[in-house]
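*Asks:* Encoded as structure tokens, here's the structure I'll be asking about.
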2 protein chains.
Amino acid sequence: MMTKTALIAGQGALPAILARALARNGTDHLVAEMEGFPCGIRAPEPVRFRIERLVPFLDHLADHGVERVVMAGAIRRPRVEAELVDPRTATLLPRLIGAFGKGDDALLREVIGIFEDWGLTVVGADAIAPELVPPAGVLVGQPSDADARDVERAAELVSGLGRLDVGQGAVVAQGLCLGLESLPGTDAMLRFVAAEAADLRPDPNGARGVLFKAPKPGQDRRIDLPTIGPETVRGAARAGLAGIAWEAGGVILLQREDVERLATEAGLFLWSWAP
Amino acid sequence: MMTKTALIAGQGALPAILARALARNGTDHLVAEMEGFPCGIRAPEPVRFRIERLVPFLDHLADHGVERVVMAGAIRRPRVEAELVDPRTATLLPRLIGAFGKGDDALLREVIGIFEDWGLTVVGADAIAPELVPPAGVLVGQPSDADARDVERAAELVSGLGRLDVGQGAVVAQGLCLGLESLPGTDAMLRFVAAEAADLRPDPNGARGVLFKAPKPGQDRRIDLPTIGPETVRGAARAGLAGIAWEAGGVILLQREDVERLATEAGLFLWSWAP
């Protein structure tokens, strides 16, 4: 018998993609969204929940036979309104509020821990739609040896950034770092490289550089993986890069057909990279 | 008796400032510039040297009684033209070329080592003009407790970036990293924050954020310290920041009077920070 799945849907493109995959696979499932963060999915109609009433929501999942949970999409940190907290959720608040101060990773680990304490299995998007997380290999184009060296240097930088709990991306060309990702995100970094770094490659005929993305070292890979989508390819092309690489197994590729077509048209390589 | 000083002058504002300080102090000195990198100083007329003829240049310094050397200003890595190398400099090339591949820090350390092997004392800009490197303390304005927390987080990030051998600056507001310095430099990072991060501060009435600069951990402080000048203040103001802080003793403040006046006018604090 198939287990029932709950899709906890935040914002962005990923939740709808997973909802379609669940429907296509005929997986028995429900969708839930946090009050104030509409996910845009309407079939099935989402169950709404509030952080202040997390325990009644977990009971609701159990009552409906849910055994497996996938969390996808962005949720900005909700305000917790004290007067709405039910007594059983109140006992969890110290755990959540303690994690609030420690950054997103700690908070997400705590949320996963609570779901697991309720007997639910938390899985990543790749368990629902494996095609979103391509295994190692070049998908499009042909990276040169110089590109491969730039990917290695960028991977080292992204790993260092991750340990600082900042961004999940970097741009490197000819061994030089042209951009580092911070709060404004990947698309903003690519606009920066396009605007500020066009003339900084020492050899104008040399390697044009790569965008590299990876999760933070030690990050729970079931949640909040970095994504690459059509806008990433457009941004990388505008920044004059040779291609996009990412840590194999650690990045979600959204709208893969569009991404591959756009990369081919722009002459960019796409490389699911393993060290 | 006063020792004779050689100012090895690269490009940018700092060499001329040091030349004026040397003249003002009545220090017996000469100026040297690398062929192809004019420093703009004309009194005294600079001695020209080439990397390929480094040993004859070192002899020239000794012949003129030079005992102390200060290096200031930017020099892009020169090409080494093999046919111009004199036999004695040729014996040094393995040392220099080995360091070429290891990054700017390694190369500068090697150059300092060669000057020291020739019996010269290499000093930092602060030995010539101590007012360029202010000791710890707030110079302008009054940072809040929230600003102090942002400075601490930014200092942690810049230290991490330095270990990766990337940039020497970061912008943090309300604990969040809005920008990280890479090859395009501080002014480019501030344009990025102005363009991409204006709406990303979670509390619109909270701390507006700080620019922090520091040398790389382990960097030789006699050379290549990060600088702050009037353009840094203008950029920080345009990025909507509350102030500028830097590691006390590790940053050169160019045109200090202008910098302090501009910061006062823009309502920014200036903080020579010690942990």
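*Asks:* Among B:ALA90, B:PRO78, B:PRO38, pick out the residue whose Cα is farthest towards the positive end of the charge dipole of segment B:4-128, where Lys and Arg carry +1 and Asp and Glu carry -1 on C-beta, about the Cα centre.
*Replies:* The residue sitting most towards the positive pole is B:PRO38.
*Asks:* Add +1 for every Lys or Arg and -1 for every Asp or Glu among the other residues with Cβ under 14 Å from the Cβ of B:ALA154, and state the total.
*Replies:* -3
*Asks:* Let me know the mean shielding of A:178-191 by other chains, meaning the per-residue number of their Cβ atoms within 10 Å of its Cβ.
*Replies:* That works out to 6 on average.
*Asks:* Hey, can you grab everything whose amide H is under 5 Å from the amide H of A:CYS177? Only 5+ residues off in sequence or another chain; H modelled, so Pro and N-termini drop out.
*Replies:* For A:CYS177, the qualifying residues are B:LEU183.
*Asks:* Also: I need the inter-copy label distances for A:ARG238: point set 7 Å along Cα to C-beta, values in nm with one decimal, smallest first.
*Replies:* Its label point is 1.9 nm from the equivalent points in the other copies.
*Asks:* Give me P(r) over chain B, computed from all C-alpha to C-alpha distances, binned every 10 Å, as integer percentages.
*Replies:* 7, 28, 31, 21, 11, 3, 0
*Asks:* Could you pull out the trypsin sites (Lys or Arg not before Pro) across segment B:9-118 that fall in loop regions by DSSP (anything but H, G, I, E, B) with no more than 14 other Cβ atoms inside 10 Å?
*Replies:* Those that pass, being in a loop and sparsely packed, are B:ARG42, B:ARG76, B:ARG79, B:LYS102.
*Asks:* Would you mind working out the magnitude of the charge dipole of segment A:4-128 relative to its Cα centre, with +1 at each Lys and Arg C-beta and -1 at each Asp and Glu C-beta, to the nearest 20 Debye?
*Replies:* So the magnitude is around 300 debye.
*Asks:* Order the peptides A:119-128, A:135-144, B:237-246 from the highest to the lowest mean number of other Cβ atoms within 10 Å of their residues.
*Replies:* Taking the mean over residues of other Cβ atoms within 10 Å, the ranking is B:237-246, A:119-128, A:135-144.
*Asks:* Past the 21 angstrom mark, what percentage of all C-alpha to C-alpha distances in segment A:126-228 do you count?
*Replies:* For segment A:126-228, the share of Cα pairs beyond 21 Å comes to 38 percent.
*Asks:* Return the distance in nm (one decimal) between the two label points of a simple spin-label model at A:THR91 and A:HIS60, each offset 7 Å from Cα along Cα→Cβ.
*Replies:* Placing both labels 7 Å along Cα→Cβ, they lie 2.1 nm apart.
*Asks:* State, to one decimal in nm and shortest first, how far the label point of A:LEU93 sits from each corresponding label point in the other identical copies (label point: 7 angstrom along Cα-to-Cβ).
*Replies:* Here A:LEU93 shows inter-copy label distances of 7.4 nm.
*Asks:* With charges only on Cβ, +1 for K and R and -1 for D and E, what is the dipole size of chain B about its Cα centre, in debye, rounded to 20?
*Replies:* It comes to approximately 140 debye.
*Asks:* Sorted from shortest, what are the nm distances separating the label point of A:GLY113 from equivalent points in the other copies, each placed 7 Å from Cα along Cα to C-beta?
*Replies:* Label-point separations across copies, in nm and ascending: 4.8.
*Asks:* Which ³J(HN,Hα) values in Hz, rounded to whole numbers, follow from the phi angles of segment A:210-227 under the Karplus curve 6.51 cos²θ - 1.76 cosθ + 1.60, where θ = phi - 60° and Gly and Pro get x?
*Replies:* Per-residue couplings from phi come out as 10, 8, 10, 10, 7, x, 5, x, x, 5, 5, 7, 7, 8, 6, 5, x, 10 Hz.
*Asks:* Which ³J(HN,Hα) values, rounded to whole Hz and listed in residue order, are derived for segment A:65-71 from phi using the Karplus coefficients 6.51, -1.76 and 1.60 in 6.51 cos²θ - 1.76 cosθ + 1.60 with θ = phi - 60°, glycine and proline given as x?
*Replies:* Karplus values, whole Hz, x for Gly and Pro: x, 6, 10, 10, 10, 10, 10.
*Asks:* How many Cβ atoms of partner chains, on average, are near each residue of A:151-161 if near means within 10 Å of its Cβ?
*Replies:* Per residue, the number of nearby Cβ atoms from other chains is 2 on average.
*Asks:* Just how large is the dipole of segment A:133-273 about the Cα centre, in debye to the nearest 20, putting +1 at every Lys and Arg Cβ and -1 at every Asp and Glu Cβ?
*Replies:* Here the size comes out at about 120 debye.
*Asks:* Which three semi-axes in whole Å describe the equivalent ellipsoid of segment A:59-115, each the square root of 5 times a Cα gyration tensor eigenvalue, listed largest first?
*Replies:* Calculated on Cα positions only, the semi-axes equal 20, 17, 11 Å.
*Asks:* At 0.36 nm per residue, and after removing the present C-alpha to C-alpha distance, how many nm does the segment from A:ASN25 to A:ARG234 gain when stretched out fully?
*Replies:* Gain on extension, A:ASN25 to A:ARG234, equals 72.1 nm.
*Asks:* Still on this structure, please answer the following. Each label point is 7 Å from the Cα along the Cα-to-Cβ direction; what then is the distance between the points at B:GLU83 and B:TRP118, in nm?
*Replies:* 2.5
*Asks:* Report the residue, chosen from A:PRO56, A:PRO130, A:PRO204, that carries the largest GNM mean-square fluctuation when chain A is represented by alpha-carbon nodes joined by springs under 10 Å.
*Replies:* Looking only at A:PRO56, A:PRO130, A:PRO204, the biggest GNM fluctuation is shown by A:PRO204.
*Asks:* Mind listing the long-range amide H neighbours of A:HIS29? Cut-off is under 5 Å, sequence gap 5 or more, other chains count too, H placed in the peptide plane at 1.01 Å from N.
*Replies:* Residues meeting the criterion, in which the H sits 1.01 Å from N, are A:THR5.
*Asks:* Also: Evaluate the Debye formula for segment B:4-128 with equal point scatterers sitting on the alpha carbons, no solvent, and hand back log10 of I(q)/I(0) at q = 0.10, 0.16, 0.21 Å⁻¹, in q order, two decimals.
*Replies:* For segment B:4-128, the Cα-only Debye profile gives -0.29, -0.77, -1.35.
*Asks:* For chain B, calculate the relative contact order in percent as a whole number, restricting contacts to Cα pairs under 8 Å that are 6 or more residues apart.
*Replies:* Here the relative contact order equals 17 percent.
*Asks:* While we're here: Could you bin all the Cα-Cα distances of the protein assembly as shown into 10 Å bins starting at 0 and give me the percent of pairs in each, rounded to whole numbers?
*Replies:* Result returned by the calculation: 3, 16, 22, 22, 17, 9, 6, 3, 1, 0.
*Asks:* Heavy atoms only, probe 1.4 Å: what % of the accessible area of segment B:133-273 goes to carbon and sulfur, would you let me know?
*Replies:* Roughly 46 percent of what the probe reaches on segment B:133-273 is carbon or sulfur.
*Asks:* With every protein chain left in place, what is the accessible area per residue of segment A:4-128 in square angstrom, probe 1.4 Å?
*Replies:* Computed with neighbouring chains in place, this is 48 Å² per residue.
*Asks:* Over the protein assembly as shown, what is the percentage of antiparallel beta bridges among all DSSP beta bridges, to the nearest 5?
*Replies:* 30
*Asks:* What nm distance separates the two modelled labels at B:ALA74 and A:ALA127, each placed 7 Å from Cα along Cα→Cβ?
*Replies:* For B:ALA74 paired with A:ALA127, the spin-label model returns 5.1 nm.
*Asks:* Spelling out what I want: for every residue of segment B:239-249, take phi, set θ = phi - 60°, compute 6.51 cos²θ - 1.76 cosθ + 1.60 (Karplus), and round to whole Hz; glycine and proline get x.
*Replies:* Whole-Hz 3J(HN,Hα) from phi for segment B:239-249: 7, x, 7, 7, x, 10, 10, 8, 5, 4, x.
*Asks:* Amide H neighbours of B:GLY209 under 5 Å, at least 5 residues apart or on other chains, H built in the peptide plane: list them.
*Replies:* B:GLN174, B:ALA242
*Asks:* In whole Å, how far is the Cα centre of segment B:110-151 from that of segment A:2-37?
*Replies:* 56
*Asks:* On to the next question. Of all DSSP beta bridges in chain B, what percent run antiparallel (nearest 5)?
*Replies:* 30
*Asks:* When only Cα pairs under 8 Å and 6 or more residues apart are kept, what is the percent relative contact order across segment B:133-273?
*Replies:* Relative contact order, segment B:133-273: 33 percent.
The values are calculated or read from the model by the stated rules, or taken from the named source; none is laboratory data. Please read all numbers here as calculations on a predicted model, not as lab measurements. Quick reminder, even Gly has a Cβ in these numbers, built from the backbone with ideal geometry, and neighbours come from all protein chains shown. Quick note on the areas: whole protein, heavy atoms, side chains included, nothing else; ligands and nucleic acids left out. Shrake-Rupley method; radii C 1.70, N 1.55, O 1.52, S 1.80 Å.
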